[in-house]
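Structure record follows, encoded as structure tokens.
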Amino acid sequence: VAAGYVQQKQVVPSNDGEVLLQARDDFTGAYRAPEQSFKLFSTYRFNRLTLGAGLRWQGPTKSAWIPVATKQVEEGLMKQDAFYIVDLMARYRVDKHFSLQLNVNNVLDTEYYQHERSYISGAPRNWMLTLNYQL
């Protein structure tokens, strides 16, 4: 079993005027990560068969499109609601040299953005079948 939890406070600068050009990345950087995220992964082995599952949850996020003034920040926020993703894994050890593994990612086909500022969708449901050989 592996688990992780992150909680962080997002900080908005108290600048009422223009945001300096060189400070823009730092300013929008305060919005890049969710305030909370949680990951849980586990596997269980039955003789030659190993089964695993993972859960990834991310709280809501928001970010600004490189703001020029504080008012634009509040009006121009891009937001993404909280979401979770479920992953599954099955591995079968054929013999001491060969194993076959199937990973299914985003089993529920959750729609989300890799990063809300880019509007690039995260990976849809996908799978990978692997044949592994060890000496």
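Every number here is computed from the coordinates shown, using simple stated rules; none is lab data. Please read all numbers here as calculations on a predicted model, not as lab measurements. When we count neighbours, we look across all protein chains shown, and the Cβ atoms used for this are built from the backbone with ideal geometry, even at glycine.
Can you tell which of N105, A90, Y133 lies farthest toward the positive end of the dipole of the stretch 84-135, using +1 and -1 charges on the Cβ of basic and acidic side chains (Lys, Arg; Asp, Glu)?
Sorting the options by dipole projection puts first Y133.
Any chance you could run the full-extension gain for S121 through A82? It's 0.36 nm times the residue separation minus the Cα-Cα distance, nm to one decimal.
Details: separation 39, 0.36 × 39 = 14.04 nm, distance 1.45 nm.
Once the chain is fully extended between S121 and A82, it gains 12.6 nm.
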